[in-house]
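Report on the following structure.
The values are calculated or read from the model by the stated rules, or taken from the named source; none is laboratory data. It should be emphasised that the depicted structure is a prediction, and the values quoted were computed from it without experimental measurement. Reconstructed Cβ throughout: ideal geometry from the backbone, glycine too, with neighbour counts over all protein chains shown.
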């Protein structure tokens with residue numbers, strides 16, 4: 001690959017990469033919830049027991065990562081996927097974004113603590129991933145798509161950020177999952193596929209099987 005690639009993860013503390021905390025309210029503005037302590041979130045978000053249902057190795061495999069990729073992790077939370085991505089592409093970069101300032105503080109400190117010089121954290125607003133057009137090759141949205149208010153608009157922004165041949169992967173909970181968001185907030189793979197197609201992407205269900213989730217892949 002002649003140019004660095006980017007992968008984006010939406011993983012805000014309000015919904016990313018974990019089952020919902022008891023305090024989360026199932027309203028349509030859930031992405032704007034405020035979490036005062038990243039250290040408290042990390043106890044559940046980075047609990048080793050999470051690996052059994054999140055299956056991070058399978059998720060990374062579905063992304064088809066390669067050397068030199070630049071990874072922009074949007075809504076990265078406490079960095080469950082960010083640090084794995086940084087290690088997967090040591091010769092690339094990981095840009096981990098989140099709407100919560102304390103998550104950015106925590107991620108910055110974690111990157112230094114774990115000596116991941118290719119990982120940096122950036123705060124972004126809930127409605128805009130703030131990615132330059134044609135600047136990324138991969139986008140990963142983990143356990144947070146159901147939290148986005150204007151998914152159509154967000155999908156368009158992500159699609160525009162993809163380079164030709166780029167891919168967007170959305171990981172979210174199935175209707176049958178025993179944990180995750182309230183049933184009323186859950187989305188079917190068909191809903192997600194439709195939203196990505198409306199944004200101009202080719203989209204389909206990934207053959208990768210997860211215990212409680214599905215992966216939808218959108219391609220430019």
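Among the residues making up the range 154-185, those that are surrounded by 17 or more Cβ atoms within 10 Å (Cβ to Cβ), touching a helix residue (DSSP H, G or I) at 6+ places or on another chain (Cβ under 8 Å) and outside any helix (DSSP H, G or I) are 167, 168, 169, 170, 171, 172, 173, 181. Could you say whether any residue in the range 67-75 is surrounded by fewer than 21 Cβ atoms within 10 Å (Cβ to Cβ), modelled with pLDDT under 95 and farther than 24 Å from residue 155 by Cα? Scanning the range 67-75 turns up at least one residue that is surrounded by fewer than 21 Cβ atoms within 10 Å (Cβ to Cβ), modelled with pLDDT under 95 and farther than 24 Å from residue 155 by Cα.
Restricted to the range 188-203, and to residues there that are farther than 21 Å from residue 70 by Cβ and in contact with a strand residue (DSSP E or B) (Cβ under 6 Å, 6 or more places away or on another chain), the residue that is surrounded by the most Cβ atoms within 10 Å (Cβ to Cβ) is 196.
Test residue 103 against the stated conditions and say whether it is more than 12 Å from the chain's Cα centre (by Cα), within 13 Å of residue 139 (Cβ to Cβ), in contact (Cβ under 8 Å) with a residue 12 or more places away in the chain and crowded, with 18+ Cβ neighbours inside 10 Å. Against the criterion (more than 12 Å from the chain's Cα centre (by Cα), within 13 Å of residue 139 (Cβ to Cβ), in contact (Cβ under 8 Å) with a residue 12 or more places away in the chain and crowded, with 18+ Cβ neighbours inside 10 Å), residue 103 does not qualify. From the list 133, 161, 117, which residue is closer than 17 Å to residue 71 by Cβ and out of contact with any strand residue (DSSP E or B) (no Cβ under 8 Å at 6 or more places or on another chain)? Of the residues listed, the single one that is closer than 17 Å to residue 71 by Cβ and out of contact with any strand residue (DSSP E or B) (no Cβ under 8 Å at 6 or more places or on another chain) is 117. Entry remark, the range 188-220: residues being in contact with a helix residue (DSSP H, G or I) (Cβ under 9 Å, 6 or more places away or on another chain), under 16 Å from residue 173 (Cβ atoms) and assigned to a loop (DSSP other than H, G, I, E, B) number 6 in total.
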